[in-house]
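The values are calculated or read from the model by the stated rules, or taken from the named source; none is laboratory data. Since the model is a prediction, treat every value here as computed from it, not as a measurement. Methodologically, a virtual Cβ is constructed for each residue, glycine included, from the backbone with ideal geometry; neighbour enumeration extends over all protein chains shown. The area values use the complete protein model at the heavy-atom level, side chains included, leaving out ligands, DNA and RNA. Shrake-Rupley method; radii C 1.70, N 1.55, O 1.52, S 1.80 Å.
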Amino acid sequence: MKLFPLFADLNGRHVLVVGGGPVAERKVKSLLAAGALVTVGAPDATDALEQWLTQGRIKRLRDVFQPEWLADIWLVVAATDDRGLNRRIAELANAQRLFINVVDDPELSSFQVPSIVDRSPLTIAISSAGSAPVLARRVRERIESLFDHTLGSLAALAARYRPAIRQARPALRPRRDFYDWLLDGPVAAALRQQQPERAEQLLQAELEHPQAPVTGKVLLVGAGPGDPGLLTLKALRALNEADVILYDRLVDGPILELARRDAEQIPVGKIPGEDHNATQARIHRLMLDRAGQGQLVVRLKGGDAFVFGRGGEELAFLRKHRIPYEVVPGITAALACAAYAGIPLTHRDHAQSVRLVTAHCRQDTMLEDWPSLAQAKQTLAFYMGVSQLDWLAEQLIAHGRSGQTPFAIVENGTRSNQRVLHGQLQDMARLARQHAIKAPSLLLIGEVAALAPELEWFGASIHAD
Ligand code: SAH
């Protein structure tokens, strides 16, 4: 180990920062956050530093560096752009056994400032001993994405109850188990759900009456439209923690590859010949079984679970069976396909509203509001529409939408095989047949679709004429 890791308590201690530029400003900011008494020495200073000075948050020495500045301080940070000066400050500091950090200069520094992940009171510090700051930053980004921001509140709660926990669980082993339960179980979940009082009640109840029965949990997670980069951080965390993943047909390989290696993956898409209700009943049964065994179940759906995803039905079932759940939204196909096709869904000149419509309900409940769907100045996003294109175009035109209204069909949106077909409503069905457009495809109808040829940036596009 080249450097000894150290968390210093600078609260109420004097620290000198030499330099008044943006780099000095960043260092001052984190020193102030740690409660240090900061003096900035420099002839000039940034606006923020000047402001902190007027607010009385820092002191200022308005001069070029003077050796006397090193008296009565605990630490020095040299952040000037003059290497000769930095070296002189370092030499003087070393002679006085003061720890010094020369920004971006490990050779002149006797201490370095790590990259940090801040979940106060929990702080994770990363250092490459100055050899590869870029690598340290990368590691920081990775770790940053792993932990929820409520981890800090959990750490603070654990700290507050530490004496009580020690008292209620004097032996080491049960105490460890208790902390595991605290970090993985319903208390952490309640904090993520922004219900701090409930979190505390759960903690107290468990302390008083140990051995809460193991209950699993279901996370209903939207996986987005296909590009794994469009997963949310929360979705990624869920995939990292899952015991079992129940995934739909629309969720494919690259996303499942991000899951914890030993998580069990079960496809729960419709089996040929099975009807929707049977599929749904099978999914419900699986969730109930697995959560009942104490597993963390991730129910992974394409796009967003609450947009044509039957997410509501699944939650109602879980609620009925008292299985705890959380919901992680995903990027729904309409948003993703529009973005990846260069089609703004609303536009000051062309569309004041967007409607998400399922085209699947022809047999069930006929779409009855054709007159309102056919109105101008709105964008229609049809899901599950490829097999209904003739009928959709006919109805819209029959109810007053112009046959020249632009449309775009985005096939396999956000995936490597994305294709976008453009044209006019009156030619839509013919063009789609001609180019063999298949599901999953999202259909966008409205003036905004005409912007695609100009704004497109991803995948292949097919322009009619
Ligand atoms: N819950 C999903 C929608 C499920 S319905 C969501 O929020 O996106 C299935 C329909 O979504 C498909 O028939 C298609 O119209 C659309 N869809 C889903 N993923 C798509 C993709 N990658 N490209 C184009 N359309 C997609």
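With label points built 7 Å along Cα→Cβ from the Cα atoms of residue 458 and residue 61, find their separation and express it in nm.
Calculated label separation equals 5.4 nm.
Specify, per residue and in Å³, the volume enclosed by the convex hull of the alpha carbon atoms belonging to the range 357-463.
Working: hull volume 9.6 nm³, N = 107.
Roughly 90 Å³ of hull volume per residue.
Which values of log₁₀ I(q)/I(0), to two decimal places, follow from the Debye formula for the range 151-208 at q = 0.18 Å⁻¹ with a uniform point scatterer at every Cα?
So the normalised log intensities are -0.53.
Quick one: what are the phi-derived ³J(HN,Hα) couplings along the range 23-29, Karplus 6.51/-1.76/1.60 with θ = phi - 60°, whole Hz, x for glycine and proline?
So the J values, rounded to whole Hz, are 5, 4, 4, 4, 5, 4, 4.
If each residue of separation counts as 0.36 nm, what is the full-extension length gain between residue 155 and residue 9 once their alpha-carbon separation is subtracted? Kindly include the intermediate steps, with their values, before the conclusion.
Details: separation 146, 0.36 × 146 = 52.56 nm, distance 1.87 nm.
Extra length available between residue 155 and residue 9 comes to 50.7 nm.
Bin width 10 Å, origin at 0, all Cα-Cα pairs of the range 14-113: what percent of pairs per bin?
In whole percents, the pair-distance histogram is 17, 56, 25, 1.
Testing the spin-label approximation: label points 7 Å from Cα along Cα→Cβ at residue 282 and residue 26. State their distance in nm.
Inter-label distance under the simple model: 5.4 nm.
Provide the percentage of antiparallel DSSP beta bridges, counting only those with both residues in the chain; round to the nearest 5. All intermediate terms of the calculation are to be shown ahead of the outcome.
On the way: 21 of 65 bridges.
So the antiparallel bridges in the chain amount to around 30 percent.
How charged is the neighbourhood of residue 87? Take every other residue with its Cβ under 15 Å from the Cβ of residue 87, and add Lys/Arg as +1 and Asp/Glu as -1. Kindly include the intermediate steps, with their values, before the conclusion.
Working: positive: 83, 88; negative: 81, 82, 91, 104, 105, 107.
My count for the surroundings of residue 87 gives -4.
For the range 225-242, take each phi angle, set θ = phi - 60°, evaluate the Karplus expression 6.51 cos²θ - 1.76 cosθ + 1.60, and give the result in whole Hz per residue in order, putting x for glycine and proline.
x, x, 5, x, x, 8, 5, 7, 4, 5, 5, 4, 4, 4, 5, 6, 10, 4
Given bins 10 angstrom wide, list per bin the percent of all Cα-Cα distances in the chain, short to long.
Calculated P(r), rounded to whole percents: 4, 15, 18, 17, 17, 15, 9, 3, 0.
Does the range 137-277 classify as rounded, prolate or oblate by the C-alpha gyration tensor (a ≥ b ≥ c root eigenvalues; a/c under 1.5 gives rounded; else a/b over b/c gives prolate, otherwise oblate)?
Details: a/c = 2.58, a/b = 1.77, b/c = 1.46.
It is prolate, given that a/c is not under 1.5 and a/b is the larger ratio.
How about the range 250-351: which trypsin sites (Lys or Arg not before Pro) there lie in a loop by DSSP and see at most 11 other Cβ atoms within 10 Å?
Numbers: sites: 260, 261, 270, 282, 285, 290, 299, 301, 310, 319, 320, 322, 348; in loops: 260, 261, 270, 310, 322, 348.
Those satisfying the criteria are 261, 322, 348.
Please determine, in degrees from 0 to 90 and to the nearest 10, the orientation of helix 196-208 with respect to the longest principal axis defined by the Cα atoms of the chain, where the helix direction is its Cα long axis.
So the helix axis and the longest Cα principal axis differ by about 80 degrees.
Quantify, in whole percent, the carbon and sulfur part of the accessible surface of the chain (1.4 Å probe; protein heavy atoms only). Display every interim value, and only then the final one.
Numbers: 13420 of 24970 Å².
Exposed carbon and sulfur together represent 54 percent of the surface.
Please give the Cα centre distance for the range 200-278 versus the range 1-68, rounded to the nearest Å.
If you average the Cα positions of each part, the centres end up 46 Å apart.
Testing the spin-label approximation: label points 7 Å from Cα along Cα→Cβ at residue 92 and residue 322. State their distance in nm.
Here the modelled spin labels are 7.1 nm apart.
Is there a pair in 2/27; 234/301; 217/301; 29/234; 29/59 whose C-alpha atoms are over 18 Å apart, and which pairs would that be?
Numbers: 2/27 23 Å; 234/301 14 Å; 217/301 16 Å; 29/234 29 Å; 29/59 13 Å.
In this structure, 2/27; 29/234 exceed 18 Å between Cα atoms.
Could the peptides 164-176, 16-28, 99-111 be put in order, highest first, of the mean number of other beta-carbon atoms found within 10 Å of their residues? Walk me through the intermediate numbers first.
On the way: 164-176: 11.9, 16-28: 21.3, 99-111: 17.7.
Answer by packing, highest mean first, reads 16-28, 99-111, 164-176.
Compute the angle between helix 133-146 and the longest alpha-carbon principal axis of the chain, please, reported from 0 to 90 degrees and rounded to the nearest 10.
Approximately 50 degrees, to the nearest 10.
With every protein chain kept in place and ligands, DNA and RNA left out, what is the accessible area per residue of the range 217-331? Probe 1.4 Å, answer in Å². It would help to have the intermediate numbers written out before the result.
Details: 5400 Å² over 115 residues.
Ligands and nucleic acids excluded, the result is 47 Å² per residue.
What does a probe at residue 435 reach in the range 384-423, counting residues whose amide N is under 13 Å from the point 7 Å along Cα→Cβ?
Residues 407-413, 418-423 fall inside that zone.
Helix 389-398 against the longest principal axis of the chain: what's the angle in degrees, Cα atoms only, rounded to the nearest 10?
80
Calculated from DSSP H runs of 4 or more alone, at -39500 (n - 2.57) each and per residue, what is the 222 nm mean residue ellipticity of the chain, nearest 500? Write out the running numbers ahead of the final one.
Details: 18 runs with 171 residues, N = 465.
Estimated from H runs of four or more residues: -10500 deg cm²/dmol.
Among rounded, prolate and oblate, which fits the range 217-331 when a ≥ b ≥ c are the square roots of the eigenvalues of its C-alpha gyration tensor, a/c under 1.5 means rounded, and a/b larger than b/c means prolate? If you can, show how the numbers build up before the last one.
Values: a/c = 1.41, a/b = 1.19, b/c = 1.19.
Rounded.
Can you pull out the GluC sites (Glu not before Pro) in the range 343-418 whose DSSP state is coil and whose Cβ has at most 12 other Cβ atoms within 10 Å?
Numbers: sites: 368, 394, 411; in loops: 368.
Sparse-neighbourhood loop GluC sites (Glu not before Pro): 368.
With both bridge residues required to lie in the range 342-463, what share of the DSSP beta bridges run antiparallel, to the nearest 5%?
Numbers: 15 of 25 bridges.
Within the range 342-463, antiparallel bridges account for around 60 percent of the total.
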